[in-house]
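Notes follow the structure.
The values are calculated or read from the model by the stated rules, or taken from the named source; none is laboratory data. Please read all numbers here as calculations on a predicted model, not as lab measurements. We place every Cβ from the backbone using ideal geometry, glycine too, and count neighbours over all the protein chains shown.
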Amino acid sequence: MFIVDQHTFVVHPGEVVAVTILKRSGPFLAAVSELSGAAWTRKPEPNGPLAAGSFIAPHQAGTRVSMAVVVPESRGPFDSDDSYEIKIQGATGEATSSLVPSPLRAQTRTFAFEVQDPDPGLTWCPKHKIVVRGRCPKC
Ligand SMILES: [Zn+2]
C-alpha cells in the first residue's frame, strides 16, 4: 500500500488491507460503513476499545474502494484528550494512522483506495516515506 495522503491510498490487486480503530478512553461509539467497491473480510466491530478488521483489494486494476468512519457527537462531559486512532496497513509499505478527537459535533472520515497494478520500477523509501522511481532522490 502506498500512502497518497492521510485519506487516499494506492493498493495492489488482491492486497490485504487491515483497518484498526482504537479508542483512547471512554466508550467506543464510532461506526464503520460498509465498503464501496469491495466487501469486508471482517468488518471492524468494537470489542472493548478496539475495532479490527480487514478486506482484500479487488483484482481489477482501476477499481476504487472507499469506506467511512462515523464518529458521533460526544454527549455530556468528556476527556479532551480522548480520541479515536484509525490505523490502516497494507500487506507492504508503511501503516498510516490518523487521529479523530472525540468531537463536539459528529464527524465522518472517508478513506479511499485505488487499485493499481504493481509497477516494478517504483519502490518505497522508508526513510523519506515517499514512492520513488529507481533511487530515492533525497537519499
Ligand atoms: Zn530516501
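Could you grab me the full set of residues in segment 86-115 that are in a loop (DSSP other than H, G, I, E, B) and either surrounded by fewer than 16 Cβ atoms within 10 Å (Cβ to Cβ) or of a type in the set (A, V, I, L, M, F, W, C) (or both)?
Within segment 86-115, A91, T92, E94, A95, P103, L104, R105, A106 qualify.
Quick one: in segment 16-34, which of the residues that are surrounded by 19 or more Cβ atoms within 10 Å (Cβ to Cβ) and at pLDDT 95 or above is nearest to Q60 (Cα to Cα)?
V17
Residues P77, P118, P58: which one is more than 16 Å from the ligand (Cβ to nearest atom), at pLDDT 90 or above and assigned to a loop (DSSP other than H, G, I, E, B)?
P58 is the lone residue from the list that is more than 16 Å from the ligand (Cβ to nearest atom), at pLDDT 90 or above and assigned to a loop (DSSP other than H, G, I, E, B).
Take the conditions within 23 Å of I130 (Cβ to Cβ) and part of a strand (DSSP E or B) and apply them to A51. Does it pass?
No; evaluated as a whole, the condition is false for this residue.
Six or more apart or on different chains, Cβ atoms under 9 Å: show the pairs whose first residue is in segment 2-18 and of a type in the set (S, T, Y) and whose second is crowded, with 19+ Cβ neighbours inside 10 Å.
As it stands, the answer is T8/F111; T8/F113, since those pairs meet every condition given.
Is one or more of the residues making up segment 38-50 surrounded by fewer than 16 Cβ atoms within 10 Å (Cβ to Cβ), of a type in the set (D, E, K, R) and either farther than 26 Å from D119 by Cβ or without any contact (Cβ under 8 Å) to a residue 12 or more places away in the chain (or both)?
yes
In segment 1-15, how many are at pLDDT below 90 and in a loop (DSSP other than H, G, I, E, B)?
Going through segment 1-15 one residue at a time, the tally reaches 1.
Within segment 128-136, is there a residue that is within 16 Å of the ligand (Cβ to nearest atom), touching a Phe, Trp or Tyr at 6+ places or on another chain (Cβ under 7 Å) and at pLDDT below 80?
Yes, segment 128-136 contains a residue that is within 16 Å of the ligand (Cβ to nearest atom), touching a Phe, Trp or Tyr at 6+ places or on another chain (Cβ under 7 Å) and at pLDDT below 80.
So, in segment 1-21, how many residues would count as being over 12 Å from I88 (Cβ atoms) and in contact with a Pro (Cβ under 6 Å, 6 or more places away or on another chain)?
Total meeting the criteria: 1.
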